[in-house]
Every structure is written in C-alpha cells, then in structure tokens.
C-alpha cells in the first residue's frame, strides 16, 4: 500500500471517531459569576482570655484554699459552684468539705470560655489512738457469753450430769478468762426456787455454789479466783409457779466479783 | 385439867403406836366451851368525856375479844339499866338500910341479874368516865357476878390519860389489860411485830407494826436485802441478816436509838438466821465459816463465837427454849429434806422431832417452853406450807392452817395464845395473826410483800 492511502485511512477513522464523539458533547459551563462587592473586612474581636488557679490544690478538710482568677475581654464572669458573679480579677477563700472543681465561665463579645481549678480535700488525720486500741470484752461480758449456769434438782446440791458437762466447759472458759484478765475474780452465786423456805434456801444456795466451786477447782481452776455467795430465793430470774421457772431459779450463776 | 388428861392419853398411845393415834388431838387449850363469859356494856362519860367513849368502848371490846380468852356476851342481851358504879346495884338483902333510894343508873338491878339469862355472864366490867383537871379519867370495876355483892369486886381502879381520843383508847387498853391479867394473860396491847417487807422490787427492809395492826413503821433503810429479823427478849434490839455488804451477814440494830450496833461477822460465805438467847446476852446463828451452814453461838457483838452443831449437813434456825434456856430446836437436812430437831445447848442429844416427811422449817417456841409452832409441807406438795403446833415432849402435833395458801414463819405472842405468821391466802404474802388453835384470823398488813414476822414484847 502506498503512503497516501494510509494517510487517507487514518483521516477517515479520525473523522468517524470524531463524529461519534460529537454526539455526547456537554454544553460549555456558564461563565463564573462575578465576585460580590464586599467591604474590606475588620479583624474579629478576640475571645476572652482566662487564668484560673487554686492554691494550694490540696487541703485538709476544714482548711481553706485561695481561688485566683484573671480574665480579659469578658463582660460576664462567674464561678461555680457557690461563688457566682465576680469581677475580672480577684481571689476568694474557699473551704470546700469535699474535693471540688470550680468552673470559671467568662463570656464577652468574642465568645465565651471556661477554665477550671480543682481543690482536693483530704480527711484530717485520725484522732490519737484510744487507750484500748483492741476492743476487749469486760469480765462480765466474757462470763455472760462464755460461762453457763449450772442447774440443780429440787432441794439438791449434787452436780447433775448436765451440770457436770456445763461446768467442765465452764472450767476451760474460766481458765481462759483468768489468762486474759489476770486480776479477775469470779463470784459463784447459788440460787434456789421459791418453794423451799427462805432460811433453808440461804443454806442450800451456799451449798450449790460451793459444790460448783469444788468441781471447778478439781478441774484446775484456781480456788483463789472463785468466791461463793448464796442468794437463796432472794434473786429469782423468774417468778412463775411452774417447773420451767423453778428449774431456771435452781442454778449457780457466774458473775464478776465486786 | 383437860390438857394434862390429853397428854396422859398421848403418852399411853405413844407407847403403843408411836403417838400417831393422838396426833390430831387438841394441843393448846383454847376451846370456847371452857371460856369465861364476860359482859362488857358500853360505858358512858360525863360532859366532855362522852365524845371519846365511842373510841373507848370499841377499844375495850376489841382487846377483850381479840384475847381469845373469853366469850363476850352479846350487847343486845344486856339490861337497859347499866350500872356506872358499885352503889348502882341493889343489894340482895332487902334488910339493907340504904336501899330506900332510887338507883338512877342501876335500875334497881341486882348484880346477880347479870349472871342470869339472858346475859348469863360470869363477869361484868362497868364504870364511867369524866374530865378532871384536863385529864380523861375512868373509874372502872370488874366484878364476879357469881358472888355476893360485897365480895364480888375483883378490882376497881382509876385511870388517867390526856384528854382526847388517843387518851381514851389508851385508858381502854389499860383497863382491858387489867382484866386480862386476872385470867393470867398478858395484854398484847403495845406489843410489836417485826417483819420483812418488800415494797420495791428486790429491796427488803425490816418493818414493825403493833399487834392490833396500828403504828406500821419502817425500821431499816439499807436499800438492800434485810431479812430474817429476830428481836431481843427486852424488845430493844433487832438482829437480822443483811446483804448490804455482799455475802449475807448479821447486823444488830437498836430499836431505841435507831442505830446499828457492832457485830463482828467471821469471814464466811454466809452468816444468817440470828436469834437471841432468852437471857438476851448471846446470839445464836448459822454460819458457813467451817463449810456448810452450822449453828454457832456468840456474844452480842459477835465475839467469843463457838460452834454448837457438828454435822455434814445444813443446820439453821436455832431457837432456844425460853423457859429452860437450854433446849435448842433447829432445822437440819441431815436426813434429806429439812426437818426440825432438838438438842441440848451444847449440841448433844440431837433428836428428830418431825417425822421425816415433807419439809419442816421455821420452828418457834411458845413462851411456855413446851410447844413449838413451825411450818410443814406434810401431806402437801413442796412449797405448800401450813402452820403446825407440836408438844415437844410428846411430839404430838396439830395442823392450824388448812388449804389456804402458803403459811409460814409462825411466831408466838407473849401471851402464848396468839400466833403471828405469814400467808399468801389473800393473794400476796401478808402478816396474819390467829389464836394458837387456828381460829380468829386477822390480817395485819396489806401493802407490799410481807414475811418472816416475829412477835416481840
């Protein structure tokens, strides 16, 4: 093929392509609008400037801290909580009871802004230690919780089986109490129910108290730590006329000796 | 005498069946059948004295009635004409020279008219009162209606006391006492009864009251337990058991000065149930100084303490025979339950008086030294005490209270005819008196809880 023929072919193809391309052509964009005629802009007013601090930042409860602030470019200035509107510069004593974050809010033509200052409140130091740093039970409390009454049959001072068990337990409890409270002295109080005579019951209560003391001493409780007294039927724990009450009153009770 | 007959029977029976047969026989001779009959018409007073005669007559009648010694003929049976003085009687013999006058008060009655039905009195008390020098004066006579007028006067006497109701009552007490004395019985007027009273919970004090229930007074103020009073024979001291210093201990208190007297208690878990000896020079009591309660004797201040009983039991409530001063009755549980025993003043010759049943406590001597009163649960459940009286020589006994609550702490009046005791028959424990045969019950106290009475001079 000759050189002109190739050129003619290229031209025709270009034309075809061109023709095809013309069919999708968008309209030319409109000319950009002319810029509006604005005045020469003045610089905007500055936002308020805040300085806010609390000194010291940590106090003990009951002490006070000083809030200081300095604000410019603001018309309304307030501090919350609890202070309210303030002047542009100032300081204020505060004594919050708990840690408090104070917020300084300032607003002016240039906008508003806030700043915070926190006063940390700590608890005061604990009071000096009490004389008994470890709460100890009194002798009376120990006796009432650790030592049980021994019960008796009517007109008897024999140590029954149940009293034997009770007193065996009581012996250990008493030894432990005497270790804990070396100067303790315990009074064994013999009591009777209301049926016997007042006079004889003084004797019977005495024998009941002595019986328990002898038993406890045999189990190793020091005799000089145990006193005895008989209340006969003079100090009843109940006054009903039935066996349940009678049994309650036929007992040795353990109390702190005076 | 009937009493002696009874004891003869008792002794015979005792030989055969250990006294059981005769146990319920009469122990104290207080029977209505043998009583003298007295006519005690209302006496009148002249002028200002008359306004106090209501109190006078009430007191005179009350004392004679309470004595339990007589039958008082009912006033409704009396003649309307009451003699005011001896010359108001019309002599029996018409021949008497001075019988022509009208007798304004005696109504022309003879003394013997009072001995006849309907009055049928063996004795007549009469008289009149008036005011002399600002004093209430009584002229009182006591006549035996069974005798001729000339020899009928047993006594005639003038009594003077300050004018007023108290004076009139006092005169009546004195007149009644003189009448009682004719029958060998001391008046109980002005005798005192001491007892234990609980008027706030847990606090017991010694109180006193007159035998007729008047003059109630608190004696001790310890705000503790003051119990088991005993009075000295002269009535000047009271000994009692006090918890004021911890363990029960004896305190002695002067009733004259109201002060505590010294008494040394040996260190022991208890010192209790004090009792004066009849001579008033020593005190017996129970002490646990050597172990369990045993009986000791000591001087009035507690010195010279000496052991009397020696047992492995509880011995308490020692009471010395007021007549002999030697025999001691006491309670002991040496045989199991507490019973009443007798021993010599040295603690020897111990004998069981009760029969071993129930619980026998609170022995108290009759002033005659032959009988004891005591509280016993014999025949009843524990706690149900009745007052019994026993002839100590024969051990024959009789039960004075029956099915009326709990009756304890008998104590004899100085007349040996009355017994004071505590009873809950009214609902709470109170002090009562009765005749020693169980009759004529009278409640002396009503307030608080009152027990452990002891009759003093």
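For the range A:92-124, the tally of residues that are more than 21 Å from residue A:61 (Cβ to Cβ) and without any contact (Cβ under 8 Å) to a residue 40 or more places away in the chain stands at 2.
Scanning the range B:141-165 for residues that are part of a strand (DSSP E or B) and either over 22 Å from residue B:109 (Cα atoms) or touching a residue at least 60 places away in the same chain (Cβ under 8 Å) (or both) returns B:153, B:156, B:157, B:158, B:159, B:160, B:161, B:162. Picking from residues in the range B:336-348 that are within 19 Å of residue B:375 (Cβ to Cβ) and surrounded by 14 or more Cβ atoms within 10 Å (Cβ to Cβ), the one that is farthest from the other protein chains (Cβ to nearest Cβ) is B:342. Just for the range B:246-296: of the residues that are on the phi > 0 side of the Ramachandran plot and within 12 Å of another protein chain (Cβ to nearest Cβ), which one is nearest to the chain's Cα centre (by Cα)? Among them, the one singled out is B:273.
Do we find that residue A:173 is away from every other protein chain (no Cβ under 14 Å), assigned to a loop (DSSP other than H, G, I, E, B), in contact (Cβ under 8 Å) with a residue 12 or more places away in the chain and under 47 Å from the mean Cα position of the chain (by Cα) in this structure?
Answer is no for this residue.
Considered as a group, the residues in the range B:217-238 that are surrounded by fewer than 16 Cβ atoms within 10 Å (Cβ to Cβ) and not in a loop (DSSP other than H, G, I, E, B) include one that is nearest to the other protein chains (Cβ to nearest Cβ), and that residue is B:218. The set of residues in the range A:57-91 being touching a strand residue (DSSP E or B) at 6+ places or on another chain (Cβ under 8 Å), in contact (Cβ under 8 Å) with a residue 40 or more places away in the chain and outside any strand (DSSP E or B) consists of A:57, A:61.
One line per residue, one yes/no per condition, for (1) in contact with a helix residue (DSSP H, G or I) (Cβ under 7 Å, 6 or more places away or on another chain); (2) surrounded by fewer than 21 Cβ atoms within 10 Å (Cβ to Cβ); (3) not in a strand (DSSP E or B):
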{"position": "B:240", "(1), (2), (3)": "no, no, no"}
{"position": "B:253", "(1), (2), (3)": "no, no, no"}
{"position": "B:258", "(1), (2), (3)": "no, yes, yes"}
{"position": "B:266", "(1), (2), (3)": "no, yes, yes"}
{"position": "B:283", "(1), (2), (3)": "no, no, no"}
{"position": "B:286", "(1), (2), (3)": "yes, no, no"}
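Summed over the range A:190-208, residues that are assigned to a helix (DSSP H, G or I) and either surrounded by fewer than 24 Cβ atoms within 10 Å (Cβ to Cβ) or facing chain B (nearest Cβ under 7 Å) (or both) total 8.
When you scan the range B:350-360, do you find a residue that is part of a loop (DSSP other than H, G, I, E, B), under 24 Å from the mean Cα position of the chain (by Cα) and either within 22 Å of residue B:327 (Cα to Cα) or more than 14 Å from chain A (Cβ to nearest Cβ) (or both), even just one? Scanning the range B:350-360, I find at least one residue that is part of a loop (DSSP other than H, G, I, E, B), under 24 Å from the mean Cα position of the chain (by Cα) and either within 22 Å of residue B:327 (Cα to Cα) or more than 14 Å from chain A (Cβ to nearest Cβ) (or both), so the answer is yes.
Please give the number of the condition residue B:364 fails out of (1) within 21 Å of the chain's Cα centre (by Cα); (2) modelled with pLDDT under 95; (3) within 14 Å of chain A (Cβ to nearest Cβ). So residue B:364 meets the others, but not (2).
In the range B:293-307, the residues that are without any contact (Cβ under 8 Å) to a residue 12 or more places away in the chain form Cβ pairs under 6 Å with partners that are surrounded by 19 or more Cβ atoms within 10 Å (Cβ to Cβ), at six or more places apart or across chains, as follows: B:304/B:298; B:306/B:297.
Would you check if there is a residue in the range B:321-335 being more than 14 Å from every other protein chain (Cβ to nearest Cβ), touching a residue at least 12 places away in the same chain (Cβ under 8 Å), more than 23 Å from the chain's Cα centre (by Cα) and farther than 18 Å from residue B:276 by Cα?
Taking every residue of the range B:321-335 in turn, none turns out to be more than 14 Å from every other protein chain (Cβ to nearest Cβ), touching a residue at least 12 places away in the same chain (Cβ under 8 Å), more than 23 Å from the chain's Cα centre (by Cα) and farther than 18 Å from residue B:276 by Cα.
I want to confirm something. Restricting to the range A:147-170 and keeping residues that are in contact with a strand residue (DSSP E or B) (Cβ under 6 Å, 6 or more places away or on another chain) and assigned to a helix (DSSP H, G or I), which single residue is nearest to residue B:382 (Cα to Cα)? Among them, the one singled out is A:163. Residue check: residue B:394 meets all listed conditions (1) over 21 Å from the mean Cα position of the chain (by Cα); (2) free of Cβ contacts under 8 Å to residues at least 60 places away in the same chain; (3) surrounded by fewer than 24 Cβ atoms within 10 Å (Cβ to Cβ) but one, namely (2). For the range B:427-457, a residue qualifies if it is more than 23 Å from residue B:391 (Cα to Cα), within 14 Å of chain A (Cβ to nearest Cβ) and in contact (Cβ under 8 Å) with a residue 12 or more places away in the chain, and the qualifying residues are B:428, B:429, B:449, B:450, B:451. For residue A:182, the criteria (1) within 14 Å of another protein chain (Cβ to nearest Cβ); (2) under 46 Å from the mean Cα position of the chain (by Cα); (3) part of a loop (DSSP other than H, G, I, E, B) hold in every case but one, which is (1).
The one condition from (1) surrounded by 13 or more Cβ atoms within 10 Å (Cβ to Cβ); (2) within 16 Å of residue B:46 (Cβ to Cβ) that residue B:154 does not meet is (2). Within the range B:388-422, being within 14 Å of residue B:451 (Cα to Cα) and either at pLDDT below 95 or within 14 Å of chain A (Cβ to nearest Cβ) (or both) holds for B:405, B:406, B:407, B:408, B:409, B:410, B:411, B:421, B:422.
Among the conditions (1) more than 14 Å from chain B (Cβ to nearest Cβ); (2) part of a loop (DSSP other than H, G, I, E, B); (3) surrounded by fewer than 16 Cβ atoms within 10 Å (Cβ to Cβ), the only one that residue A:244 does not satisfy is (2).
The values are calculated or read from the model by the stated rules, or taken from the named source; none is laboratory data. These numbers were taken from a predicted model, which means no experiment stands behind them. Cβ coordinates were reconstructed from backbone atoms using ideal geometry, including for glycine residues, and neighbour counts include every protein chain displayed.
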